[in-house]
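Please read the structure below before turning to the comments.
What follows is calculated from the coordinates using simple rules that are stated; it is not laboratory data. What you see is a predicted model, and the numbers here were worked out from it, not measured in a lab. Glycine gets a Cβ as well: all are built from the backbone with ideal geometry, and neighbour counts include every protein chain shown.
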Amino acid sequence: MVWLAVSLAVLGAFCLAIGAQRQGSAVKADTGGLALSSHGFLRLLRNPRWVFGLLLLCAGMAMNAVALVSAPLTVVQPIGAIALVITTVVNAKDQGLSINRATVVAISACVTGSAMFVLLAVNATVENHHVSFDDELTIVLLLTLAVGLFGTLAVVFKHRMSAFIYILGAGVLFGFVAVLTRIIGKHLLDPNGLALLNVQWYSVVAIAAAGGLGSWFVQSAYSGGPPDLVIAGLTVIDPIVGIAIGIAILGELQPDVHAVLAIAMGAAASLAIVGVIALSRHHPEVTKRKKDARKAAGRVS
């Protein structure tokens with residue numbers, strides 16, 4: 001079963017990587033690097049390349065979900081990070097770009113930091129099999145604040161938001177969505193036999209709102225940055241947020257965790273996030289866009 005899970009995780013990583021690259025190239029071709037509009041999003045729904053990328057992304061997430069159920073987190077979660085490497089190589093070839101040293105360092109930091117964080121977290125946490133309704137409501141209220149914050153930023157700074165902010169928002173929102181999805185799943189499987197009656201309506205509404213805004217942020221990130229950045233956000237920020245919620249709210253931190261382990265977890269998370277920031281600033285596609293923008297500004301002046 002473990003080898004099946006590993007195979008699904010690897011295949012899922014390939015699907016996520018290729019899907020992100022297909023969608024990213026479709027969005028850039030449609031927007032020309034400008035902010036994604038609602039009309040532009042409707043056009044993407046008729047774009048075969050974008051739809052194919054969406055199907056691959058959905059398939060990749062489904063395979064990863066099955067893999068997580070079939071094998072330990074320590075085995076499956078780090079495998080997803082290879083999607084970042086695959087996306088970077090595929091996108092570089094598609095765009096005719098050479099991968100610079102800064103990008104290699106940034107990706108190495110993302111992969112190393114996220115893998116270390118997951119491995120350390122598994123040894124420091126214990127699963128909470130019973131989530132109280134008060135804890136669930138607390139998570140929903142925090143998610144409401146996150147949706148309000150990132151939604152306001154998207155409206156106020158629509159044409160000035162960087163790709164990093166978009167993918168940071170998507171990672172945070174999808175981290176909450178993953179936690180609430182797991183909680184709802186536990187409600188459905190509760191031995192009391194009430195199934196759907198256990199599910200709180202506000203959790204469903206919160207998932208829908210966060211999933212919708214997070215998906216919009218992902219597509220907007222494609223228009224302003226490389227697809228590797230999107231994958232970096234979803235494979236680095238998402239699990240960090242999910243595990244942090246489990247520790248801070250659901251009480252999943254083991255009582256006898258050594259201080260050194262906690263510090264190591266913080267260092268690993270910081271390394272991964274710094275890698276995402278570096279990728280958003282030094283990726284060859286990003287630097288090329290900045291140079292093109294400076295040249296265009298020079299010609300205008």
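Inter-label distance, residue 122 to residue 62: 2.6 nm, where each label sits 7 Å from its Cα along the C-beta direction. Given 171, 156, 141, which one lies farthest toward the positive end of the charge dipole of region 88-177, if we put +1 on the Cβ of every Lys and Arg and -1 on the Cβ of every Asp and Glu? Farthest along the dipole direction, towards plus: 156. Note on the chain: lysine pairs with Cα distance below 19 Å, sequence gap of 8 or more or different chains, count 7. The equivalent ellipsoid that matches the C-alpha gyration tensor of region 121-213 spans semi-axes of 29, 16, 10 angstrom, in descending order. To the nearest 10 degrees, how steep is helix 101-124 against the longest Cα principal axis of the chain, on a 0 to 90 scale? In the chain, helix 101-124 runs at an angle near 10 degrees to the longest axis. The listed peptides 256-268, 211-223, ordered by packing as a protection proxy, come out as 211-223, 256-268 (highest mean of other Cβ atoms within 10 Å first).
In this simple spin-label approximation, residue 138 and residue 42 carry label points 7 Å from Cα along the Cα→Cβ vector, and these lie 4.4 nm apart. Counted residue by residue at 0.36 nm each, then reduced by the alpha carbon distance between them, the extension gain from residue 6 to residue 158 reaches 50.7 nm. Pairs of C-alpha atoms in the chain farther apart than 35 Å represent 18 percent of all such pairs. Using the charge dipole of region 2-300 (Lys, Arg: +1 at Cβ; Asp, Glu: -1 at Cβ; taken about the Cα centre), state which of 264, 206, 230 has its Cα farthest towards the positive end. Selected residue: 230.
Dipole size of region 2-300 about its Cα centre, with +1 on Lys/Arg Cβ and -1 on Asp/Glu Cβ: approximately 1800 debye, rounded to the nearest 20. Only helical runs count toward this figure. For the chain, summing -39,500 (n - 2.57) over DSSP H runs of n ≥ 4 and dividing by all residues gives -26500 deg cm²/dmol at 222 nm.
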